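The values are calculated or read from the model by the stated rules, or taken from the named source; none is laboratory data. As the structure is a computational prediction, the values presented were derived from the model and not from experiment. Glycine gets a Cβ as well: all are built from the backbone with ideal geometry, and neighbour counts include every protein chain shown. The accessibility values were calculated without ligands, DNA or RNA, using every heavy atom of the protein model including side chains. Shrake-Rupley method; radii C 1.70, N 1.55, O 1.52, S 1.80 Å.
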Amino acid sequence: MLKGGWLVMVEAFVTRELLKWARERERLTPATAAQLVHIKPDRWDSWEKGLAHPTFRQAQDIAQKFHIPFGYLFLSAPPSEELPLPDLRTAANRPPSRPSPELFDLLQDVLRKQEWYREYQEDEGASPILFIGRYSVSDDPNQIAANIRDTLGVNEEMRRKARTWGDFLRLLVRQAEDAGVLVLRSGVVGNNPHRKLDVDEFRGFAISDDLAPIVFINAQDWKTAQIFTLAHEIAHLWIGESGISNLDYRRRSSQQQNRIDRLCDQVAAETLVPSDDFLPRWIDVNTVEENLEALAPRYRVSQFVVLRRAYENDKLTSEQYWSYYDQLEAKVRGRETQGGGNFYANLLARNSRTFTFALLEATAEGRVPYRDAARLLNIKLKTFGSAYDHLLAGGLADA
């Protein structure tokens, strides 16, 4: 603001409580918060003590860097942030950690997609999906797994089509989507590579809905682990239970888990590697390595899944399981890479193939403005135009 020929910096009367809340929400120290907005630490301290206030420009910078709405900084008290889905994350019987801003913002983004797709399904006159909530948490996990395999076509024919466990993952995603489940796989919030998801915080979540069920897989995880996470979250839908999961692949299903996730672990294992087929094929006189090398290709899953199945069925001691898990993880770390890939393939994976094409078709019919569609896909308007042309023209039709 110009006053008497001088430039006057107008203060934004941001409450000190909100500044502290915004900083702690991002898990920052006062020093790192100050560094992020390019001021000296003592200046930030004066803000949190209420002795001074940031300028409007600085307040806007804080809101952007701390990923909060600008108006939040002027509230009299910090807003109450609660997870919109049941929090089933547990570790060694401890309560779940405080959710990160990335998890909060990701959930809001996915729920916006889910809300739009549900309305789209209603407008299309879609029938409810019958397998959603078909079973309950008290039902036999083997029976639930058998129904999942039958419904999604997880069988010998599917395994023959999949040359590798990577192919198997892609096929399982495709067959789940064909059955009506939106499967989203991403390692970042929206389309922002600087806001990576933490696999130690959560591996996936499920939204149970009979018109717009969603499974989200944290793509920061190793792809070898994503198969089991996908099967686990699919199991959530079959028992009609939404929730956020953080699976501990180093441990077998136990009483330390909540009842829902314990059942979904059992269902996932049985879905991928049925015990009546697996147990006769595990040769006790062979080494663990020989069994893993023989059985992983048969089920078109990673050796992690077979190792876990052997552990669940008491073919391995805890010490053996942990030892071989560490060995496999070391091999994977040297072989797998994260990120990269084709832009259009990533767009479909992050937003669900089914969701993306439904949105593009609704846009083509004039039911959704281009700008709104771009926001739902977390891409810029000019980028949406090229994606719209490419995908509707048949690009990646078989991806």
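Of note:
- Among the residues listed as A92, A12, A31, the single one being open to solvent by 40 Å² or more (accessible area, probe 1.4 Å) and at pLDDT below 85: A92
- Filtering segment 198-218 to residues that are modelled with pLDDT under 95 and touching a strand residue (DSSP E or B) at 6+ places or on another chain (Cβ under 6 Å) leaves V199, F202, R203.
- Residues in segment 350-389 that are aliphatic (A, V, I, L, M), part of a helix (DSSP H, G or I) and either in contact with a His (Cβ under 9 Å, 6 or more places away or on another chain) or within 22 Å of P213 (Cβ to Cβ) (or both): A358, L359, L360, A362, A373, L376, L377.
- Summed over segment 231-266, residues that are at pLDDT 80 or above and either among the aliphatic types (A, V, I, L, M) or not in a loop (DSSP other than H, G, I, E, B) (or both) total 20.
- Pairs linking a residue in segment 36-62 that is of a type in the set (D, E, K, R) to a residue that is in a loop (DSSP other than H, G, I, E, B), with Cβ atoms under 6 Å and 6 or more positions apart or on different chains, are D61/V37.
- Tally, over segment 201-224, of residues that are over 12 Å from the mean Cα position of the chain (by Cα) and either of a type in the set (S, T, N, Q) or open to solvent by 40 Å² or more (accessible area, probe 1.4 Å) (or both): 5
- Of all residue pairs spaced 6 or more apart or on separate chains, those with beta-carbon atoms under 6 Å, a first member in segment 214-240 that is without any contact (Cβ under 8 Å) to a residue 40 or more places away in the chain and a second member that is surrounded by fewer than 24 Cβ atoms within 10 Å (Cβ to Cβ) and among the basic types (K, R) are I217/R185.
- Of all residues in segment 121-155 being without any contact (Cβ under 8 Å) to a residue 60 or more places away in the chain and hydroxyl-bearing (S, T, Y), the one that is least open to solvent (accessible area, probe 1.4 Å): T151
- Contacts under 7 angstrom Cβ, first residue in segment 314-325 being in contact (Cβ under 8 Å) with a residue 24 or more places away in the chain and farther than 14 Å from W282 by Cβ, partner charged (D, E, K, R) and surrounded by fewer than 14 Cβ atoms within 10 Å (Cβ to Cβ), 6 or more apart: W322/R250; Y325/R250
- Listed conditions (1) surrounded by 14 or more Cβ atoms within 10 Å (Cβ to Cβ); (2) over 27 Å from G125 (Cα atoms); (3) aliphatic (A, V, I, L, M); (4) at pLDDT below 90 are all met by I379, apart from (4).
- The residues listed here are F104, F131; of these, the one that is farther than 20 Å from C264 by Cα and either in contact with an Asp or Glu (Cβ under 7 Å, 6 or more places away or on another chain) or outside any strand (DSSP E or B) (or both) is F104.
- Just so you know, in segment 287-336 the residues that are open to solvent by 60 Å² or more (accessible area, probe 1.4 Å) and of a type in the set (S, T, Y) include one that is modelled with the lowest pLDDT, and it is T317.
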